[in-house]
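The values are calculated or read from the model by the stated rules, or taken from the named source; none is laboratory data. Keep in mind it's a predicted model, so treat the numbers as computed, not measured. As a convention, Cβ positions derive from the backbone with ideal geometry for all residues, glycine included, and neighbour counts pool all protein chains shown.
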Amino acid sequence: MGNTNYIIGAIAGDIIGSVYEWNNVKTVDFDLFTEKSTFTDDSVLTLATMDCILSDDNYKTLYQKYARDYPLRGFGGSFCRWIYSDNPKPYNSWGNGSAMRVSPVGWAFNTIEEVVIRAKASAEVTHNHPEGIKGAQAVASAIFMARNNKTKDEIKEYVEKTFGYDLDRTIDEIRPKYKFDVSCQGSVPESVIAFLESDDYESAIRLAISLGGDSDTIACITGAIAEAFYKTIPENIVQNVLERLPNKLINLLERFSLKYK
């Protein structure tokens with residue numbers, strides 16, 4: 001049985017990947033959940049993006065608020081300084097933080113043109129480097145196309161042509177030499193490829209984590225696209241995720257999902 005009630009694909013990928021970020025597994029055969037599986041900065045900021053869209057608040061304010069409310073979740077050094085700044089300014093980041101938090105944008109807007117504009121807005125409060133913006137736009141666009149029933153070939157072609165990513169590689173080709181890479185350009189294409197090769201939500205997550213590297217973020221991105229495409233996530237995954245989230249975050253997730261799914 002699958003669950004279609006929650007927009008939870010990115011968060012599930014993050015939680016499943018959380019234990020493998022510093023203990024990479026170069027295989028698709030691993031436990032989806034362990035006692036140490038938990039939500040990280042990827043989930044916190046994805047939920048902050050949901051709140052931004054629901055409340056029509058600005059990204060800067062809510063990214064700071066959520067990061068302060070849920071500290072010690074693996075935020076990067078530059079972002080940590082930004083969180084506690086009195087007057088936070090973007091710091092020209094090309095890191096994948098912009099791509100890991102953008103998935104709600106792909107669900108909430110009705111044209112790909114608006115999705116691209118909104119993804120840029122969510123990215124550039126911190127990640128105003130062209131690669132940081134591009135990563136967020138590519139992920140949000142793929143989610144938008146997936147939820148609107150575009151084929152994998154159509155998604156692949158759009159992402160390649162619009163953002164210049166090389167998606168003509170296989171996971172088996174990438175995996176042996178792939179190392180920890182927090183750049184958008186070094187993790188977003190790989191995340192999309194994991195989705196393209198998958199057969200369902202779970203296989204997408206397993207392929208993403210099998211690459212190694214920044215496992216929670218790659219799985220977060222892959223999971224967001226896979227959920228939009230396959231329309232369902234196994235019930236056992238959804239329940240394991242909900243058990244690991246505070247009630248306040250579940251309530252936000254329910255409100256966003258009710259409005260946009």
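In region 242-261, the residue that is modelled with the lowest pLDDT out of those that are closer than 17 Å to residue 143 by Cα and among the charged types (D, E, K, R) is 261. Scanning region 149-180 for residues that are farther than 29 Å from residue 22 by Cβ, more than 18 Å from the chain's Cα centre (by Cα) and β-branched (Val, Ile, Thr) returns 151, 162.
Can you tell me which residues in region 115-157 are among the basic types (Lys, Arg), more than 29 Å from residue 78 (Cα to Cα) and touching a helix residue (DSSP H, G or I) at 6+ places or on another chain (Cβ under 7 Å)?
Within region 115-157, the first condition is being among the basic types (Lys, Arg), and the residues that meet it are 118, 120, 134, 147, 150, 152, 156.
Filter again for more than 29 Å from residue 78 (Cα to Cα), leaving 147, 150, 152, 156.
Hits for region 115-157 are 147, 152, 156.
Filtering region 99-149 to residues that are among the basic types (Lys, Arg) and surrounded by fewer than 19 Cβ atoms within 10 Å (Cβ to Cβ) leaves only 147. Specify the residue that is nearest to residue 178 (Cα to Cα); the eligible residues are those in region 1-27 that are part of a helix (DSSP H, G or I) and hydrophobic (A, V, I, L, M, F, W, C). Of everything passing the filter in region 1-27, 16 is nearest to residue 178 (Cα to Cα).
Of all residues being in contact with a Leu (Cβ under 9 Å, 6 or more places away or on another chain) and surrounded by fewer than 20 Cβ atoms within 10 Å (Cβ to Cβ) in region 158-177, which is nearest to residue 211 (Cα to Cα)? Just the residue, please. If you could, list the steps in order and put the result at the bottom.
Filtering region 158-177 down to residues in contact with a Leu (Cβ under 9 Å, 6 or more places away or on another chain) leaves 159-160, 167, 171, 174-175.
Going one step further and asking which of them are surrounded by fewer than 20 Cβ atoms within 10 Å (Cβ to Cβ), we end up with 160, 167, 171, 174-175.
On the way: 160: 20, 167: 15, 171: 7, 174: 7, 175: 5 Å.
Looking at residues that are in contact with a Leu (Cβ under 9 Å, 6 or more places away or on another chain) and surrounded by fewer than 20 Cβ atoms within 10 Å (Cβ to Cβ), I get 175.
Just to verify a result, which residue in region 240-261, among those that are farther than 16 Å from residue 52 by Cα and either in contact (Cβ under 8 Å) with a residue 60 or more places away in the chain or surrounded by 16 or more Cβ atoms within 10 Å (Cβ to Cβ) (or both), is nearest to the chain's Cα centre (by Cα)? The selected residue is 241.
What about residue 190, is it part of a helix (DSSP H, G or I), in contact with a strand residue (DSSP E or B) (Cβ under 8 Å, 6 or more places away or on another chain) and surrounded by 20 or more Cβ atoms within 10 Å (Cβ to Cβ)?
On the way: part of a helix (DSSP H, G or I): yes; in contact with a strand residue (DSSP E or B) (Cβ under 8 Å, 6 or more places away or on another chain): no; surrounded by 20 or more Cβ atoms within 10 Å (Cβ to Cβ): yes.
Considered against the rule, which asks whether it is part of a helix (DSSP H, G or I), in contact with a strand residue (DSSP E or B) (Cβ under 8 Å, 6 or more places away or on another chain) and surrounded by 20 or more Cβ atoms within 10 Å (Cβ to Cβ), residue 190 comes out as no.
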